[in-house]
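Only one structure is covered here, and it is reproduced in the block below.
The values are calculated or read from the model by the stated rules, or taken from the named source; none is laboratory data. Just so it is clear, the structure is predicted and the values come from calculations on it, not from any experiment. Cβ placement follows ideal geometry from the backbone for every residue including glycine, while neighbour counts extend to all protein chains displayed.
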């Protein structure tokens, strides 16, 4: 049947009908007073979501674009930075930093395991000259389903005093609590196609006062990604360049939905969906990549060996029109990933798990007890 595709990937995520309808409206001038009113509302709600009173700037860019902006606006060539790498995106930020001539020191962990905060503590405490200018961290590592201990790592950064903390919160913002002002995070980047429940095309970056002070000394080249014009424009409820007007319409609507649900309920829903998915996968006799102690509430990575991950994904897509994500780089062909962030409900998880059960039955998964996965997920829902 056509037009029944179900996205269960970590991005793009499902878009609510009311958001799609808002985006279908005729565009208006981005320099008009009416658009300025919309931007004022959106900016206020973005600060609410980010739990900050500081700037939250919207750029026409992907998550990678705003992370690059977060790196180049506050650093200079030759600056020493620590980059946490335990997956595809931590590795990407190391490469971006190297491309701009930063002195990159990688703190790594095997893919599927969380970064060790004590390794950051040791490096930061040993830096008596305060030469480390930034620590760059992926909070929710989308490629593996691991949630890194941002709070503890940030604590050590704050004790260092000089260093900024630059955070990839692309799949954690709107899925897990990221209290920017309470923790004192300096630069936090995210993308529209994740927890925001709108299509790709907008990136967001929150900036602290400490980071703005650092920008005054930063010398890396920038123009379109120079955040200072965005800050000046945001204060006037406008943008420095032409924005995707209809995406802003969608964002306005999705933010209304998020405010109506409330932050604590949003985070609780994502925790519930994560627990149900992981319980179901275990009940089906499949191995989870990330440990229970460090699980992303955005995506669950499954290691189905000796079953073939790509065969499972292909059957799910062909027979049930359900899209699961595959593995990346060294994990390509070894895992599949179930996304459960944004506009995702209990019903979506039960649907995906039941389809996964049918798929496993079709390929002859030994020891499969029909209904075990759905029962395990339903039990989580019944108790929460």
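Return yes when residue 307 is assigned by TED's automatic domain parsing to the domain that holds residue 269, over 27 Å from the mean Cα position of the chain (by Cα), part of a loop (DSSP other than H, G, I, E, B) and at pLDDT 95 or above and no when it is not. Yes, satisfied.
Can you report the number of residues in region 363-379 which are free of Cβ contacts under 8 Å to residues at least 12 places away in the same chain and crowded, with 18+ Cβ neighbours inside 10 Å? Number satisfying all stated conditions: 0. Entry remark, region 50-98: residues being touching a helix residue (DSSP H, G or I) at 6+ places or on another chain (Cβ under 9 Å), part of a helix (DSSP H, G or I) and within 24 Å of residue 330 (Cα to Cα) number 11 in total. Of the set (1) within 21 Å of residue 106 (Cβ to Cβ); (2) assigned to a helix (DSSP H, G or I), all apply to residue 134 but (2).
Does region 231-247 contain any residue that is at pLDDT 95 or above, surrounded by fewer than 19 Cβ atoms within 10 Å (Cβ to Cβ), in a helix (DSSP H, G or I) and not assigned by TED's automatic domain parsing to the domain that holds residue 49? No: region 231-247 contains no residue that is at pLDDT 95 or above, surrounded by fewer than 19 Cβ atoms within 10 Å (Cβ to Cβ), in a helix (DSSP H, G or I) and not assigned by TED's automatic domain parsing to the domain that holds residue 49. Answer yes or no as to whether residue 34 is out of contact with any helix residue (DSSP H, G or I) (no Cβ under 7 Å at 6 or more places or on another chain) and without any contact (Cβ under 8 Å) to a residue 12 or more places away in the chain. Taking the combined requirement at face value, the residue satisfies it. Can you confirm whether residue 195 is surrounded by fewer than 24 Cβ atoms within 10 Å (Cβ to Cβ) and either assigned to a loop (DSSP other than H, G, I, E, B) or modelled with pLDDT under 95 (or both)? No; evaluated as a whole, the condition is false for this residue. Return yes when residue 167 is surrounded by 24 or more Cβ atoms within 10 Å (Cβ to Cβ) and either farther than 30 Å from residue 254 by Cβ or not assigned by TED's automatic domain parsing to the domain that holds residue 209 (or both) and no when it is not. Judged against the criteria, residue 167 is not a match.
Scanning region 37-71 for residues that are closer than 16 Å to residue 137 by Cα and crowded, with 22+ Cβ neighbours inside 10 Å yields a count of 7. Here region 174-188 is the region considered, the condition is being outside any loop (DSSP other than H, G, I, E, B) and in contact with a helix residue (DSSP H, G or I) (Cβ under 7 Å, 6 or more places away or on another chain), and the residue that is nearest to residue 296 (Cα to Cα) is 176. If you go through region 144-161 and pick out every residue that is touching a strand residue (DSSP E or B) at 6+ places or on another chain (Cβ under 7 Å) and in a loop (DSSP other than H, G, I, E, B), you end up with 3. Summed over region 72-82, residues that are crowded, with 22+ Cβ neighbours inside 10 Å and free of Cβ contacts under 8 Å to residues at least 40 places away in the same chain total 0.
Within the set 319, 278, 347, the sole residue that is in contact with a strand residue (DSSP E or B) (Cβ under 8 Å, 6 or more places away or on another chain), free of Cβ contacts under 8 Å to residues at least 60 places away in the same chain and outside any loop (DSSP other than H, G, I, E, B) turns out to be 278. Assessment of region 257-274 against the conditions (buried (at least 24 other Cβ atoms within 10 Å of the Cβ) and within 18 Å of the chain's Cα centre (by Cα)) yields at least one matching residue.
Restricting attention to region 351-362 and to residues that are touching a helix residue (DSSP H, G or I) at 6+ places or on another chain (Cβ under 7 Å) and without any contact (Cβ under 8 Å) to a residue 40 or more places away in the chain, the residue that is surrounded by the fewest Cβ atoms within 10 Å (Cβ to Cβ) turns out to be 354.
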